[in-house]
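A short write-up of the structure that comes next.
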Amino acid sequence: MTNTIANIDKEEDYFLNLGPQHPSTHGVLRLLVNLRGEVVKDLKPYCGYIHRGIEKMCERNTYPQIIHLTDRLDYLSAHQNNEAVCLLVEKALGVEVSDRVKYIRTIMSELSRIASHLLWWSAFGMDLGALTTFFYGLRDREHILDIFEETTGGRLLQSYNCPGGVMYDIHPNFQKRVKECLVHLKKKLPEYDKLLTGNVIFKNRAIGVGLLSKEDAISFGVTGPSGRGSGFSCDIRKLEPYSAYDKVQFDEIIRTECDSMARYKNRIDEFYQSMSIIEQLIDNIPDGDYQTKMKPIIKLPEGQYYQRVESSRGEFGVFVESRGEKNPYRIKFRSPNLANLSALDHMVRGQKIADLIAIMGSLDLVIPDIDR
Amino acid sequence: MNAIVEYIKEVLGGVKSLLTGLSVTVKYFFSPGEIVTQEYPENRATLKMFDRFRGNVYMIHNEQNQHTCTGCGICEMNCPNGSIEVISKTIVVDDKKKKALDKHIYRMGMCTFCGLCVKSCPSKSLAFGQEFENSVYNRSDLTRILNKPNSTIAIKQ
Ligand code: SF4
Ligand code: SF4
């Protein structure tokens, strides 16, 4: 705070409080922006408006109970967050889950990724003033949410994973619906390019804006499609394959333009990669148990454990220190959004205030994941 | 001269990109069949949730007002939020004292619909309902007693 105030040295300098209730921050994030005229001098995020103490709450809960709390971190990658905790518990206990579970988890993760990127595309267009995208994106996301609801019972917060497998077997309609959804998406995604990608206004606002060099991306720990837009190879699915990712062919999308457009195009390309992963798996889901029998009370052996997965926004990690109890002694989540937010100040210095919104949109921040 | 040509090219390219976008919206303007909005709440009668939809938790009763809950308290133990409170009583069956369910209290306001209670119940007494309009005027209306008045435990065959 003192640091920021010391930066006021001219009469035309002033502060602007963006948020905590500003629609473009997509949640309760407060940014204290130091401006000279229209140009951003620096920016300070103030977090904590949606802090619920999830990590502390996890310490009093047993491992199966933690799962539903991780839904509420990054609610758009609920499934991947669940998966991280389950993989950690399985790794610590040395439990091997069946191939069926691995396939289901991978398909669900990729569906979540598509749904999340669809919502991001909608909201990003809206941030830049294109309200149409919001309706079109949500229209297509609805198909995926229906698939989730039919199989897991939840549309947004699925709580579908549990240590040792998944809560219920897939619904008989699941495969049919997923295939229909992919056909639908393939038809609609070219429309997205027509609406936004080629649009001259959008291009002018995205190309060359919000530069983040590879070195900076690495030192700030920016991961996910945003980090890969700066040429930083950080896809956990490739680096440390978990679930069924070692059985499928897909490309890690990397661009080196380092601007908002690179981050945008990365996500558009990830649609196609995710769809290809699902296509490779959906017809070959092996038979087997959807759940490995676990003890009614799960106790992790004493020690420290870490598991990371690729969530829709980057690397999501869970650290657990266990003292052999049925609940963790200490748990810590490595959330991708907090790291991505930390780079924002660096990216917007010297840019116009309107570009701040565009850059923030291209980072795809989810606030509950930042505050936890 | 070249600069002017470049400028005109840029303007025309921009207009073309806008028209491409417009062609999509105009297409939907003339084909309203592809529009997917729902007329909620007018469609309440036909709106059906999926079978597995996680709405309110309720206790399954048969036609004779009987449930299968033994009052064991496993659901209470598994609930992460303390939404469930099981109060048991002692009844006398065939001159033998037995534990039975008195009240199964469910506080919907504290429930996060995680599904652990339904999944963990050993006698499959609980299930998720299809209710999704849960707003009430009084917070106490969200606390429910799941076993119906005068219900008894079903005898296992
Ligand atoms: S509902 Fe099921 S778990 Fe809960 S007390 Fe009754 S029998 Fe036990
Ligand atoms: S659904 Fe979860 S939170 Fe709700 S009562 Fe059951 S165990 Fe508790």
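A few points about this structure:
- Alpha carbon centroid spacing (whole Å) that separates segment A:87-106 from segment B:21-80: 30 Å
- Taking other C-beta atoms within 10 Å as the exposure proxy, B:VAL92, A:VAL166, A:VAL309 rank B:VAL92, A:VAL166, A:VAL309 from fewest upward.
- Annotation for segment A:304-331 versus segment A:233-281: alpha-carbon center distance of 23 Å.
- Relative contact order of segment A:72-172: 37 percent, from C-alpha pairs under 8 Å at least 6 residues apart in sequence.
- Extending 7 Å from the Cα toward the beta-carbon at both A:GLN249 and A:TYR49 defines two label points whose distance is 4.7 nm.
- Quarter of Cα convex hull surface for chain B, i.e. mean projection, nm²: 17.9 nm²
- A Gaussian network model of chain A, with springs between Cα atoms under 10 Å, assigns the largest mean-square fluctuation among A:GLY137, A:GLY125, A:GLY37 to A:GLY37.
- Qualifying GluC sites (Glu not before Pro) in segment A:19-93, DSSP loop, other Cβ atoms within 10 Å at most 13: A:GLU38
- Shape category assigned to segment B:104-157 from the gyration tensor of Cα positions, a/c cut at 1.5: oblate
- Compactness relative to 2.2 N^0.38 Å, alpha carbon Rg of the protein assembly as shown: 1.09
- Highest GNM mean-square fluctuation among B:VAL86, B:VAL26, B:VAL118, for chain B modelled with Cα contacts below 10 Å: B:VAL26.
- Chain B: Cys lacking any partner C-beta under 4.7 angstrom: B:CYS69, B:CYS72, B:CYS79, B:CYS111, B:CYS114, B:CYS121
- Filtered trypsin sites (Lys or Arg not before Pro), segment B:88-149: DSSP coil and at most 15 other beta carbons within 10 Å: B:LYS124
- In segment A:145-245 the Cα-Cα distances spread across 5 Å bins starting at 0 as 2, 10, 10, 11, 15, 17, 16, 11, 6, 1 percent of all pairs.
- In this entry, segment A:62-371 is assigned a mean projected area of 14.9 nm², taken as a quarter of its C-alpha convex hull surface.
- Among complete DSSP H helices in chain A, those whose alpha-carbon atoms stretch at least 15 Å along the helix's long axis and whose mean Kyte-Doolittle hydropathy reaches -0.5 are A:78-93, A:99-127, A:131-152, A:260-282, A:353-363.
- Excluding same-chain neighbours fewer than eight residues apart, the lysines reachable from A:LYS187 by a Cα-Cα span under 25 Å are A:LYS176, A:LYS179, A:LYS203, A:LYS265, B:LYS16, B:LYS27.
- Antiparallel DSSP beta bridges within the protein assembly as shown, as percent of all bridges there, nearest 5: 95 percent
- Straight-line cross-link partners of A:LYS295 among the lysines, defined as a Cα under 18 Å from its Cα and at least 8 positions apart when in the same chain: A:LYS91, A:LYS326, B:LYS119.
- Here is the tail figure for segment A:1-135: Cα pairs spaced more than 17 Å apart come to 73 percent of all pairs.
- Cα centroids of segment A:72-86 and segment A:162-230: 17 Å apart.
- Residue with peak Gaussian network fluctuation, chain A [Cα springs, cutoff 10 Å], from A:SER243, A:SER311, A:SER77: A:SER243
- Among A:ARG177, A:ARG100, A:ARG372, the ranking by other beta carbons within 10 Å of each residue's beta carbon, starting with the fewest, stands as A:ARG177, A:ARG100, A:ARG372.
- Unsatisfied cross-links (Cα-Cα over 32 Å) in the set A:LYS293/A:LYS332; A:LYS186/A:LYS247; A:LYS214/B:LYS9: A:LYS214/B:LYS9
- With at most 11 neighbouring Cβ atoms within 10 Å, loop chymotrypsin sites (Phe, Trp or Tyr not before Pro) (DSSP) excluded, longest segment of chain B: B:1-131
- Segment A:GLU142-A:LYS293, extension gain: residue separation times 0.36 nm, minus the distance between their alpha carbons: 51.0 nm
Quick note: the coordinates plus some simple rules give every number you see, no bench work behind them. None of the values given here were measured: they were computed from a predicted structure. Heads up, the Cβs are rebuilt from the backbone with ideal geometry, glycines too, and the neighbour counts pull from every protein chain shown.
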